[in-house]
Amino acid sequence: MESDHAVYKTLLESTKAIPWKIDWATTTFTYIGPQIESLLGWSPSSWVGVADWVDRMHPEDRDRVFQFCVSQSQAGIDHEADYRALTKDGGYVWIRDVVHVVRNDDGSVDSLIGFMFDIGERKKTEQELGRLQKELEELSFKDGLTGVANRRMFDSVMELEWANARRDKQPLSLIMLDIDYFEQFNDRYGHIQGDECLKRVGRKLSTAATRPHDFFARFGGEEFVLILPQADEAAAMRVAERCREPRLRAGAAAGAGRHRRAARALDGRRADLWPKAAPARRQEHLKAASGHDPLATQSGRSRFEKADAAFVFLANVDNQMTRETARIDG
(Lines give C-alpha, C1' and ligand atoms only; values in the text may rest on other atoms or scores of the structure.)
Protein backbone atom coordinates (compact mmCIF):
# COMPACT_ATOMS: atom_id res chain seq x y z
CA MET A 1 0.00 0.00 0.00
CA GLU A 2 2.84 2.34 0.91
CA SER A 3 4.44 1.48 -2.42
CA ASP A 4 1.28 2.40 -4.33
CA HIS A 5 1.12 5.76 -2.55
CA ALA A 6 4.70 6.50 -3.57
CA VAL A 7 3.88 5.62 -7.18
CA TYR A 8 0.87 7.91 -7.23
CA LYS A 9 2.89 10.71 -5.65
CA THR A 10 5.64 10.32 -8.22
CA LEU A 11 3.14 10.37 -11.04
CA LEU A 12 1.44 13.52 -9.69
CA GLU A 13 4.69 15.34 -9.20
CA SER A 14 5.99 14.48 -12.65
CA THR A 15 3.11 16.22 -14.46
CA LYS A 16 2.85 19.89 -15.35
CA ALA A 17 -0.41 20.10 -13.40
CA ILE A 18 0.20 21.11 -9.78
CA PRO A 19 -1.78 19.00 -7.28
CA TRP A 20 -2.90 20.38 -3.94
CA LYS A 21 -5.20 19.66 -1.03
CA ILE A 22 -6.82 21.97 1.56
CA ASP A 23 -8.39 20.88 4.83
CA TRP A 24 -11.74 22.65 5.00
CA ALA A 25 -11.98 22.89 8.78
CA THR A 26 -8.58 24.55 9.25
CA THR A 27 -8.32 26.16 5.77
CA THR A 28 -4.71 24.98 5.56
CA PHE A 29 -2.80 23.27 2.79
CA THR A 30 -2.09 19.66 3.66
CA TYR A 31 -0.26 19.19 0.39
CA ILE A 32 0.90 21.14 -2.67
CA GLY A 33 3.08 19.75 -5.45
CA PRO A 34 6.72 20.82 -5.78
CA GLN A 35 6.03 22.02 -9.34
CA ILE A 36 4.60 25.19 -7.79
CA GLU A 37 8.10 26.47 -7.12
CA SER A 38 9.29 26.15 -10.69
CA LEU A 39 6.16 27.92 -11.93
CA LEU A 40 5.74 30.73 -9.40
CA GLY A 41 8.97 30.71 -7.43
CA TRP A 42 7.28 30.10 -4.06
CA SER A 43 8.44 27.01 -2.20
CA PRO A 44 5.79 24.42 -1.25
CA SER A 45 6.44 25.10 2.44
CA SER A 46 5.41 28.74 2.01
CA TRP A 47 1.88 27.69 1.11
CA VAL A 48 0.49 27.37 4.62
CA GLY A 49 -3.15 28.29 4.28
CA VAL A 50 -5.87 29.78 2.11
CA ALA A 51 -4.64 33.27 3.03
CA ASP A 52 -1.40 32.61 1.13
CA TRP A 53 -3.37 31.55 -1.92
CA VAL A 54 -5.53 34.68 -1.76
CA ASP A 55 -2.63 37.06 -1.10
CA ARG A 56 -0.75 35.67 -4.11
CA MET A 57 -3.52 36.55 -6.48
CA HIS A 58 -3.80 39.64 -8.68
CA PRO A 59 -5.78 42.35 -6.82
CA GLU A 60 -8.23 42.66 -9.71
CA ASP A 61 -9.02 38.94 -9.55
CA ARG A 62 -8.86 38.40 -5.80
CA ASP A 63 -12.38 39.17 -4.56
CA ARG A 64 -14.14 37.67 -7.56
CA VAL A 65 -12.26 34.37 -7.45
CA PHE A 66 -12.29 34.01 -3.66
CA GLN A 67 -16.03 34.66 -3.34
CA PHE A 68 -16.82 32.33 -6.22
CA CYS A 69 -14.68 29.45 -4.91
CA VAL A 70 -15.99 29.76 -1.35
CA SER A 71 -19.64 29.79 -2.46
CA GLN A 72 -19.18 26.84 -4.80
CA SER A 73 -17.29 24.85 -2.16
CA GLN A 74 -19.90 25.53 0.51
CA ALA A 75 -22.53 24.26 -1.91
CA GLY A 76 -20.45 21.15 -2.60
CA ILE A 77 -20.08 21.99 -6.28
CA ASP A 78 -16.92 21.14 -8.20
CA HIS A 79 -15.68 24.18 -10.06
CA GLU A 80 -12.93 25.95 -12.00
CA ALA A 81 -11.47 29.43 -11.69
CA ASP A 82 -9.03 31.39 -13.84
CA TYR A 83 -6.87 34.10 -12.26
CA ARG A 84 -3.44 35.70 -12.32
CA ALA A 85 -1.09 34.28 -9.67
CA LEU A 86 1.76 36.37 -8.27
CA THR A 87 5.27 35.08 -8.87
CA LYS A 88 8.02 35.55 -6.30
CA ASP A 89 9.79 38.04 -8.57
CA GLY A 90 6.68 40.23 -8.85
CA GLY A 91 5.23 39.04 -12.14
CA TYR A 92 1.98 37.24 -12.81
CA VAL A 93 1.09 33.92 -14.41
CA TRP A 94 -2.38 32.93 -15.56
CA ILE A 95 -3.58 29.92 -13.56
CA ARG A 96 -6.62 27.68 -13.86
CA ASP A 97 -7.63 25.99 -10.64
CA VAL A 98 -9.78 22.88 -11.07
CA VAL A 99 -11.40 22.02 -7.73
CA HIS A 100 -13.14 18.89 -6.46
CA VAL A 101 -15.12 19.11 -3.21
CA VAL A 102 -14.71 16.08 -0.90
CA ARG A 103 -17.68 15.63 1.42
CA ASN A 104 -18.23 13.73 4.66
CA ASP A 105 -20.95 11.12 5.04
CA ASP A 106 -23.26 13.73 6.52
CA GLY A 107 -22.81 15.96 3.47
CA SER A 108 -20.53 18.51 5.11
CA VAL A 109 -17.35 19.58 3.33
CA ASP A 110 -14.25 17.64 4.37
CA SER A 111 -11.60 19.01 2.05
CA LEU A 112 -10.81 20.44 -1.33
CA ILE A 113 -8.46 18.76 -3.76
CA GLY A 114 -7.47 20.07 -7.11
CA PHE A 115 -4.92 20.93 -9.75
CA MET A 116 -3.39 24.21 -10.82
CA PHE A 117 -2.66 24.56 -14.54
CA ASP A 118 -0.47 27.13 -16.25
CA ILE A 119 -2.73 28.63 -18.92
CA GLY A 120 -0.54 31.61 -19.81
CA GLU A 121 -0.09 30.63 -23.45
CA ARG A 122 -3.78 29.86 -23.80
CA LYS A 123 -4.65 33.28 -22.41
CA LYS A 124 -2.28 34.96 -24.84
CA THR A 125 -4.01 33.14 -27.67
CA GLU A 126 -7.45 34.12 -26.35
CA GLN A 127 -6.40 37.75 -26.01
CA GLU A 128 -4.99 37.80 -29.52
CA LEU A 129 -8.17 36.23 -30.88
CA GLY A 130 -10.18 38.82 -28.95
CA ARG A 131 -8.07 41.61 -30.40
CA LEU A 132 -8.50 40.24 -33.92
CA GLN A 133 -12.25 39.84 -33.39
CA LYS A 134 -12.52 43.43 -32.19
CA GLU A 135 -10.47 44.61 -35.16
CA LEU A 136 -12.71 42.63 -37.51
CA GLU A 137 -15.82 44.15 -35.93
CA GLU A 138 -14.34 47.62 -36.26
CA LEU A 139 -13.46 46.98 -39.90
CA SER A 140 -16.99 45.78 -40.61
CA PHE A 141 -18.27 49.19 -39.50
CA LYS A 142 -15.52 51.22 -41.19
CA ASP A 143 -15.40 52.42 -44.76
CA GLY A 144 -12.41 50.72 -46.33
CA LEU A 145 -11.43 53.71 -48.46
CA THR A 146 -11.89 56.78 -46.28
CA GLY A 147 -11.48 55.20 -42.84
CA VAL A 148 -14.64 56.86 -41.51
CA ALA A 149 -17.73 54.94 -40.41
CA ASN A 150 -19.59 53.17 -43.20
CA ARG A 151 -23.25 52.91 -44.20
CA ARG A 152 -23.77 49.86 -42.02
CA MET A 153 -22.60 51.78 -38.97
CA PHE A 154 -24.71 54.78 -39.99
CA ASP A 155 -27.85 52.62 -40.14
CA SER A 156 -27.15 51.25 -36.64
CA VAL A 157 -26.41 54.66 -35.13
CA MET A 158 -29.37 56.28 -36.86
CA GLU A 159 -31.74 53.65 -35.50
CA LEU A 160 -30.37 54.10 -31.98
CA GLU A 161 -30.41 57.91 -32.04
CA TRP A 162 -33.89 57.94 -33.52
CA ALA A 163 -35.14 55.78 -30.64
CA ASN A 164 -33.33 57.99 -28.12
CA ALA A 165 -34.82 61.14 -29.62
CA ARG A 166 -38.34 59.69 -29.53
CA ARG A 167 -37.92 58.59 -25.94
CA ASP A 168 -36.42 61.87 -24.71
CA LYS A 169 -38.58 64.06 -26.99
CA GLN A 170 -35.47 65.76 -28.37
CA PRO A 171 -34.70 66.91 -31.92
CA LEU A 172 -32.41 64.93 -34.16
CA SER A 173 -30.69 66.60 -37.12
CA LEU A 174 -29.19 64.99 -40.17
CA ILE A 175 -26.79 66.63 -42.62
CA MET A 176 -26.08 64.92 -45.92
CA LEU A 177 -23.39 66.13 -48.29
CA ASP A 178 -21.93 65.08 -51.60
CA ILE A 179 -19.18 66.36 -53.89
CA ASP A 180 -20.16 68.32 -57.01
CA TYR A 181 -18.78 67.19 -60.35
CA PHE A 182 -17.23 64.09 -58.80
CA GLU A 183 -18.15 61.89 -61.76
CA GLN A 184 -16.48 64.29 -64.18
CA PHE A 185 -13.46 64.50 -61.86
CA ASN A 186 -13.13 60.71 -61.90
CA ASP A 187 -13.47 60.61 -65.68
CA ARG A 188 -10.76 63.20 -66.18
CA TYR A 189 -8.19 62.24 -63.53
CA GLY A 190 -8.99 58.59 -62.91
CA HIS A 191 -10.24 56.60 -59.95
CA ILE A 192 -6.99 56.74 -58.00
CA GLN A 193 -7.16 60.52 -57.82
CA GLY A 194 -10.90 60.26 -57.13
CA ASP A 195 -10.26 57.94 -54.21
CA GLU A 196 -7.63 60.32 -52.84
CA CYS A 197 -10.12 63.18 -53.07
CA LEU A 198 -12.74 61.17 -51.14
CA LYS A 199 -10.21 60.38 -48.42
CA ARG A 200 -9.22 64.02 -48.04
CA VAL A 201 -12.83 65.20 -47.93
CA GLY A 202 -13.72 62.51 -45.42
CA ARG A 203 -10.86 63.47 -43.10
CA LYS A 204 -11.75 67.14 -43.19
CA LEU A 205 -15.51 66.82 -42.86
CA SER A 206 -15.11 64.48 -39.90
CA THR A 207 -13.93 67.54 -37.91
CA ALA A 208 -17.05 69.60 -38.63
CA ALA A 209 -19.09 68.13 -35.77
CA THR A 210 -17.30 68.41 -32.45
CA ARG A 211 -19.66 67.05 -29.77
CA PRO A 212 -18.95 63.56 -28.38
CA HIS A 213 -22.21 62.06 -29.66
CA ASP A 214 -22.13 63.61 -33.13
CA PHE A 215 -21.58 60.98 -35.79
CA PHE A 216 -19.99 61.17 -39.24
CA ALA A 217 -20.03 58.50 -41.95
CA ARG A 218 -19.68 57.85 -45.63
CA PHE A 219 -23.19 57.28 -46.93
CA GLY A 220 -22.11 55.88 -50.26
CA GLY A 221 -20.24 56.96 -53.37
CA GLU A 222 -19.31 60.63 -52.93
CA GLU A 223 -22.00 61.16 -50.27
CA PHE A 224 -21.28 61.76 -46.58
CA VAL A 225 -23.64 62.17 -43.65
CA LEU A 226 -23.65 63.75 -40.19
CA ILE A 227 -26.01 62.74 -37.37
CA LEU A 228 -26.48 65.45 -34.74
CA PRO A 229 -28.41 64.23 -31.66
CA GLN A 230 -30.27 66.89 -29.67
CA ALA A 231 -29.45 69.50 -32.30
CA ASP A 232 -32.26 71.77 -33.52
CA GLU A 233 -32.38 73.65 -36.80
CA ALA A 234 -30.12 76.47 -35.63
CA ALA A 235 -27.48 74.11 -34.24
CA ALA A 236 -27.55 71.98 -37.37
CA MET A 237 -27.14 75.08 -39.53
CA ARG A 238 -24.04 76.09 -37.60
CA VAL A 239 -22.49 72.69 -38.30
CA ALA A 240 -23.54 72.94 -41.94
CA GLU A 241 -21.83 76.31 -42.16
CA ARG A 242 -18.64 74.78 -40.78
CA CYS A 243 -18.79 72.20 -43.57
CA ARG A 244 -18.39 74.98 -46.09
CA GLU A 245 -15.54 76.78 -44.36
CA PRO A 246 -12.48 77.10 -46.60
CA ARG A 247 -10.35 75.07 -44.18
CA LEU A 248 -12.73 72.13 -44.70
CA ARG A 249 -13.52 72.55 -48.40
CA ALA A 250 -10.33 73.86 -49.87
CA GLY A 251 -8.16 72.32 -47.15
CA ALA A 252 -9.43 68.92 -48.14
CA ALA A 253 -7.10 69.07 -51.06
CA ALA A 254 -3.97 69.71 -49.00
CA GLY A 255 -2.32 71.57 -51.83
CA ALA A 256 -3.43 69.40 -54.75
CA GLY A 257 -5.25 71.75 -57.13
CA ARG A 258 -7.44 69.22 -58.88
CA HIS A 259 -8.49 67.69 -55.55
CA ARG A 260 -9.29 71.15 -54.26
CA ARG A 261 -11.51 71.98 -57.21
CA ALA A 262 -13.55 68.84 -56.70
CA ALA A 263 -13.64 69.01 -52.92
CA ARG A 264 -14.60 72.66 -52.60
CA ALA A 265 -18.06 72.14 -54.07
CA LEU A 266 -20.35 70.36 -51.63
CA ASP A 267 -24.05 69.84 -52.18
CA GLY A 268 -25.62 69.76 -48.73
CA ARG A 269 -28.94 68.49 -47.54
CA ARG A 270 -29.78 69.11 -43.90
CA ALA A 271 -32.73 67.17 -42.56
CA ASP A 272 -34.12 68.34 -39.25
CA LEU A 273 -35.79 65.23 -37.87
CA TRP A 274 -38.26 65.60 -35.05
CA PRO A 275 -38.98 61.92 -34.39
CA LYS A 276 -42.54 62.01 -33.16
CA ALA A 277 -43.86 59.59 -35.74
CA ALA A 278 -43.67 55.82 -36.08
CA PRO A 279 -40.32 54.18 -36.92
CA ALA A 280 -41.31 53.90 -40.57
CA ARG A 281 -41.41 57.69 -40.67
CA ARG A 282 -37.67 57.72 -40.01
CA GLN A 283 -37.09 56.02 -43.35
CA GLU A 284 -39.32 58.57 -45.07
CA HIS A 285 -37.22 61.40 -43.65
CA LEU A 286 -34.02 59.70 -44.73
CA LYS A 287 -35.33 59.14 -48.25
CA ALA A 288 -36.48 62.73 -48.42
CA ALA A 289 -33.06 64.00 -47.40
CA SER A 290 -31.07 61.66 -49.63
CA GLY A 291 -33.33 62.12 -52.63
CA HIS A 292 -32.90 65.85 -53.17
CA ASP A 293 -29.69 65.92 -55.16
CA PRO A 294 -31.51 67.23 -58.23
CA LEU A 295 -33.00 70.10 -56.24
CA ALA A 296 -29.66 71.12 -54.78
CA THR A 297 -27.90 70.77 -58.11
CA GLN A 298 -30.52 72.64 -60.16
CA SER A 299 -30.38 75.51 -57.69
CA GLY A 300 -26.61 75.81 -58.04
CA ARG A 301 -23.57 73.91 -56.83
CA SER A 302 -22.02 74.11 -53.39
CA ARG A 303 -25.27 74.75 -51.59
CA PHE A 304 -27.84 73.44 -49.14
CA GLU A 305 -31.50 73.43 -50.18
CA LYS A 306 -34.62 73.53 -48.01
CA ALA A 307 -36.96 70.83 -49.24
CA ASP A 308 -39.77 70.24 -46.76
CA ALA A 309 -40.92 72.85 -44.28
CA ALA A 310 -42.41 70.28 -41.97
CA PHE A 311 -39.58 67.81 -41.58
CA VAL A 312 -36.76 68.02 -44.09
CA PHE A 313 -34.67 71.15 -44.59
CA LEU A 314 -32.10 71.27 -47.37
CA ALA A 315 -29.80 74.17 -46.71
CA ASN A 316 -27.89 76.43 -49.11
CA VAL A 317 -24.10 76.42 -49.00
CA ASP A 318 -21.93 79.07 -50.61
CA ASN A 319 -23.40 80.01 -53.95
CA GLN A 320 -20.31 81.99 -54.82
CA MET A 321 -18.38 78.74 -55.26
CA THR A 322 -20.57 77.71 -58.21
CA ARG A 323 -18.52 79.56 -60.80
CA GLU A 324 -15.24 78.22 -59.40
CA THR A 325 -16.41 74.63 -59.63
CA ALA A 326 -18.16 74.84 -62.97
CA ARG A 327 -15.00 73.49 -64.59
CA ILE A 328 -13.07 70.97 -62.51
CA ASP A 329 -9.97 71.51 -64.59
CA GLY A 330 -10.36 75.32 -64.24
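The values are calculated or read from the model by the stated rules, or taken from the named source; none is laboratory data. Since the structure is predicted, the reported quantities are computational estimates derived from the model, not experimental observations. Reconstructed Cβ throughout: ideal geometry from the backbone, glycine too, with neighbour counts over all protein chains shown. What goes into the accessible areas is simple: the full protein's heavy atoms, side chains included, and nothing from ligands, DNA or RNA. Shrake-Rupley method; radii C 1.70, N 1.55, O 1.52, S 1.80 Å.
Given a 1.4 angstrom probe, I'd like the percentage of the accessible area of the range 12-146 that is carbon and sulfur, rounded to a whole number.
Of the solvent-accessible surface of the range 12-146, carbon and sulfur hold 54 percent.
For the modelled label position 7 Å from the Cα of His58 along Cα-to-Cβ, which residues of the range 112-142 have backbone nitrogen atoms closer than 16 Å?
The answer is 117-131, whose backbone nitrogens lie closer than 16 Å to the label point.
Please work out the ratio of the alpha-carbon Rg of the range 108-225 to 2.2 N^0.38 Å and round it to two decimals.
1.70
Are there trypsin sites (Lys or Arg not before Pro) in the range 147-199 that DSSP marks as loop and that have at most 13 other Cβ atoms within 10 Å, and which are they?
Within the range 147-199, the qualifying trypsin sites (Lys or Arg not before Pro) (loop, at most 13 other Cβ atoms within 10 Å) are Lys169.
Restrict the search to the range 59-141; then list the trypsin sites (Lys or Arg not before Pro) that DSSP places in a loop and that have at most 12 other Cβ atoms within 10 Å of their Cβ. It would help to have the intermediate numbers written out before the result.
Working: sites: Arg62, Arg64, Arg84, Lys88, Arg96, Arg103, Arg122, Lys123, Lys124, Arg131, Lys134; in loops: Lys88.
Counting only loop positions with at most 12 other Cβ atoms within 10 Å, the trypsin sites (Lys or Arg not before Pro) in the range 59-141 are Lys88.
Work out how much length Ser43 to Thr26 would gain on full extension: take 0.36 nm times their residue separation and subtract the Cα-Cα distance, in nm to one decimal.
Separation in residues times 0.36 nm, less the Cα-Cα distance, equals 4.1 nm.
Once both labels are modelled 7 Å past Cα along the beta-carbon direction, what's the Gln170-Thr207 spacing in nm?
2.6
May I ask which of Lys21/Lys88; Lys123/Lys199; Lys88/Lys123; Lys124/Lys199 have a Cα-Cα span longer than 32 Å here?
Where the Cα-Cα span goes over 32 Å, the pairs concerned are Lys123/Lys199; Lys124/Lys199.
Using a basic spin-label model with each label point 7 Å from the Cα along Cα→Cβ, how many nm lie between Leu160 and Arg242?
The two pseudo-label positions are separated by 2.0 nm.
So what are the three principal axis dimensions of the range 29-177 from its Cα atoms, in whole Å, longest to shortest?
73, 38, 21 Å, listed from the longest principal axis down.
With label points built 7 Å along Cα→Cβ from the Cα atoms of Ser71 and Glu135, find their separation and express it in nm.
A separation of 3.7 nm, rounded to one decimal place.
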